Amino acid sequence: MTVHPLYPHLFTPLDLGFTTLKNRILMGSMHTGIEEEKGELRRLAAYFAARARGGTGLMVTGGIAPNRQGWLAPFRAKLTSGSEVKKHRVVTAAVHDEDGKICLQILHAGRYAMHPLLVAPSSLRSPISPFRPWEMSPRLIRATIADFGRTAALAREAGYDGVEIMGSEGYLINQFIAPRTNKRRDDWGGAFENRIRFPLEIMRAVREKAGPDFIVIFRISMLDLVDDGSTWDEVVALAQALEKAGASIINTGIGWHEARVPTIATMVPRGAYTWVSKRLKPLIGIPLITTNRINTPETAEAILAAGDADMVSMARPLLADPDFARKAFEKRADEINTCIACNQACLDQIFANKTASCLVNPRACKETILPAQPAQTSNFKLQTSNLPIAVVGAGPAGLSCATELAALGLEVHLFDASGAIGGQFNMAKKIPGKEEFAETLRYFGRLIEKTGVHLHLNTPVTAEALIAGGFREVVLATGIVPRTPAIEGIDHPKVLSYIDVLQHDTPVGEKVAIIGAGGIGFDVAAFLTTPETVYASPIAAYLHEWGVDESYQNRGGLMKPAHAKSPRQVWLLQRSKGKVGERLGKTTGWAHRLTLKNRGVQSWNEVQYHKIDDAGLHLTVKGEPKLLDVDHVIICAGQEPQRALQLPLEQAGIRVRLIGGAKLATELDAKRAIAEGLEVATHIFD
Ligand code: FAD
Ligand code: NAP
Ligand code: SF4
């Protein structure tokens, strides 16, 4: 066996006795919405086949229910019958054709279900669901255990290499284990031995029904991050009992969905939860998977090299780049399209009942619609077209468009007025906790070299220059200009724009009012209130800020959060009535709001701005006049499209296409900008 020169641990096969995984990369379970496709699961098959082709060692499907009560929402995917087995064979065959391996995750939602048939060990409503669950009778408990066994047997029949039993994140099994949700007084509740009876019986039933030569991963909640969760000793005892009951692999689960600790968002440092797996590793004899915010081969290798786990789970990073493993193996890690943990196109979509994709990879979950290979149908036109194309603006939209066009074989010239690619991402990456955004710029930088885009930085483009350059096709990706609200005194020296603060590093005083509480207003507030760190590492700072106790003194692993003092007093203001920050991302907005609250930021709605002068900002709040005696007023009042070049170019007979902010500034984000770049590139000859 040859040892990989860069990632020797990551690319060491894992021998499970009856089967061998080719490397230590697990694509963790992630519900994408394409599991519910009508008819044959062709789209799901293409999605997993792409990741198998990309060299992933083992993949786990999104959660599939063992019965109707276990559905997360009405008519979600389940595996309970022969007709469903047939649909899944398409998926497993596609994966095996690409020399991959795949497990089906069996998930029973318990009290997290979004339908009225929901059941749980006790009739306690969860804080994140509208329905109170029915308490399960002992008979129903037995039947549910049998359902897990039946689904495992059907998974085997469908060609899966194994199953993962979802025992974490606060779903049904976890609800039995933790005293928080299990208030029963019979054989299934009370003492620890009773609370873990349900997972152990499920484990035994699955092993019995699926046979000895079948991978059974059990995902346990190693850190509940809720009050009255498990103790560390209970976690260890459960893992050891599961090993005895026949589990092949233990996977790490971190935090219940109702926990008020962000565990995978971009503000969570890389590898922030490896310490939990590391504690368990010496105490069990079967392979252990670690997880959460591992998104580069370097991080994964370091974890494995330190002996903290046997395998590394990455779900979103493989959504972002299906070829992650292959690129790392071929020593092309700089070509990996890194997941920036934004949740915008994956989890936020899922929680809004939409199909997932990826902000940095709009092809994710659309493999049958947008194949990875450039549109071959354009070949004839490509051969006959030797005209260069200009893309003006190297922000996310322009980068995506230019690199796609160049990959099609076209001569592409990408212009930007500034000295670096990235547009507004150069400001985003400066926000503490958003450093990952720099990875997208590294990726596109490499892609520019690889695809041969002609990059012209420090080049503010005019219509005349494009006409003189002989361009007949121009893509305008010129982004936005910040909106300047018509407030008396808007020219006062106290007034700064977010660009002054984030791009030009203009010094900011100690008392600050921010006009506009959209995504940028929140980011500027976070930027201005980030305390000086007193901790040895970003992981230690994060764990203290959110009250995660590495010493695991209490049930659930929580401790009192330590809020360091903000260096500034900040008011975040909006005119409209709703909650400040209510339009932020569904799965991350609460964490951004809580961060600012903990730093003492005053968030005010129903504000009217009157005047800015030497005294400060004059305003009314819910009809009450106030004066904010601030050093600076920072304008984050939205954006307007910048497309001054459009008209003169069109008048000169040049075909112009608009993408990103240049097309529409309202509700613009990088997800839309990157997707539009790809869309225009793939239809360039239409
Ligand atoms: P831009 O990024 O604005 O790029 C336009 C480019 O065109 C610029 O580089 C500019 O120099 C160039 N240009 C303009 N005119 C010319 C010309 N005449 N000649 C040459 N070059 C020209 N979005 C998210 O989705 N998630 C986030 O978390 C997020 N956080 C953000 C945080 C901050 C602080 C900021 C400021 C933005 C954030 N955004 C975020 C928004 C995101 O960055 C934008 O939606 C995205 O950058 C828009 O892309 P674009 O390519 O349309 O325009
Ligand atoms: P935004 O989200 O549209 O917010 C603009 C803010 O300005 C709103 O609070 C709005 O609230 C206020 N406003 C609008 N017109 C105003 C006026 N004339 N006078 C005073 N206030 C006014 O825009 P943004 O914050 O500039 O962000 C730009 C884009 O970047 C957004 O679409 C966002 O999606 C994206 N972004 C996303 C994130 C993220 O984390 N996902 C982070 C940063 C940016 P009122 O009208 O109520 O006053
Ligand atoms: Fe990662 Fe964001 Fe893509 Fe989700 S949408 S996979 S978090 S980059």
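The values are calculated or read from the model by the stated rules, or taken from the named source; none is laboratory data. Just so you know, these numbers come straight off a predicted model, no measurement behind them. Cβ sites come from the backbone with ideal geometry, for glycine too, and all protein chains shown count toward neighbours. Each accessible area value is taken on the protein alone, full model and side chains, heavy atoms only, with ligands, DNA and RNA left out. Shrake-Rupley method; radii C 1.70, N 1.55, O 1.52, S 1.80 Å.
Among Arg76, Arg53, which is the only one that is under 24 Å from Leu347 (Cβ atoms) and among the charged types (D, E, K, R)?
On the way: Arg53 fails: under 24 Å from Leu347 (Cβ atoms).
Testing whether each residue is under 24 Å from Leu347 (Cβ atoms) and among the charged types (D, E, K, R) leaves just Arg76.
Only one of the numbered conditions (1) assigned to a helix (DSSP H, G or I); (2) aliphatic (A, V, I, L, M); (3) open to solvent by 10 Å² or more (accessible area, probe 1.4 Å) is violated by Met267, and that is (1).
The rows are residues; the columns are (1) outside any strand (DSSP E or B); (2) at pLDDT 95 or above.
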position: Ala540; (1), (2): yes, yes
position: Leu543; (1), (2): yes, yes
position: Gly556; (1), (2): yes, yes
position: Trp571; (1), (2): no, yes
position: Ser576; (1), (2): yes, yes
position: Thr587; (1), (2): yes, no
position: Ile612; (1), (2): no, yes
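Residue under question is Pro179, and the condition is that it be touching a residue at least 24 places away in the same chain (Cβ under 8 Å) and either closer than 29 Å to Glu301 by Cβ or assigned to a helix (DSSP H, G or I) (or both); does it hold? Talk me through it step by step, then tell me what you get.
On the way: touching a residue at least 24 places away in the same chain (Cβ under 8 Å): yes; either closer than 29 Å to Glu301 by Cβ or assigned to a helix (DSSP H, G or I) (or both): no.
Judged against the criteria, Pro179 is not a match.
Right, Gly589: without any contact (Cβ under 8 Å) to a residue 60 or more places away in the chain, within 16 Å of ligand 3 (Cβ to nearest atom) and out of contact with any His (no Cβ under 8 Å at 6 or more places or on another chain) or not? Yes: the conditions hold for Gly589. Exactly one residue among Asn353, Asn343 is part of a loop (DSSP other than H, G, I, E, B) and open to solvent by 20 Å² or more (accessible area, probe 1.4 Å), and that residue is Asn353.
Evaluated against (1) modelled with pLDDT of 95 or more; (2) open to solvent by 20 Å² or more (accessible area, probe 1.4 Å), Phe324 falls short on exactly one condition, (2).
Within the bounds of region 592-603, is there any residue that is under 30 Å from Gln175 (Cα atoms), open to solvent by 70 Å² or more (accessible area, probe 1.4 Å) and either touching a residue at least 12 places away in the same chain (Cβ under 8 Å) or not in a loop (DSSP other than H, G, I, E, B) (or both)?
The answer is no; no qualifying residue exists.
Residues checked against (1) aliphatic (A, V, I, L, M); (2) closer than 30 Å to Gly255 by Cβ; (3) within 11 Å of ligand 2 (Cβ to nearest atom); (4) modelled with pLDDT of 95 or more:
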| position | (1), (2), (3), (4) |
| --- | --- |
| Arg599 | no, yes, no, yes |
| Pro625 | no, no, no, yes |
| Asp629 | no, no, no, yes |
| His632 | no, no, no, yes |
| Pro641 | no, no, no, yes |
| Leu658 | yes, no, no, yes |
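The sole residue among Leu658, Leu647, Leu678 that is within 12 Å of ligand 1 (Cβ to nearest atom) and either farther than 24 Å from Ala517 by Cα or not assigned by TED's automatic domain parsing to the domain that holds Pro507 (or both) is Leu658.
Residues checked against (1) open to solvent by less than 60 Å² (accessible area, probe 1.4 Å); (2) away from ligand 2 (no atom under 16 Å from the Cβ):
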residue	(1), (2)
Val508	yes, yes
Val512	yes, no
Ile515	yes, no
Ala525	yes, no
Val534	no, yes
Ile539	yes, yes
Ala562	yes, yes
Arg568	no, yes
Gln574	yes, no
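Return yes when Ser497 is open to solvent by 10 Å² or more (accessible area, probe 1.4 Å) and either modelled with pLDDT under 95 or within 14 Å of ligand 1 (Cβ to nearest atom) (or both) and no when it is not. Give the steps one after another, and end with the answer.
Values: open to solvent by 10 Å² or more (accessible area, probe 1.4 Å): yes; either modelled with pLDDT under 95 or within 14 Å of ligand 1 (Cβ to nearest atom) (or both): yes.
So Ser497 fits the description; yes.
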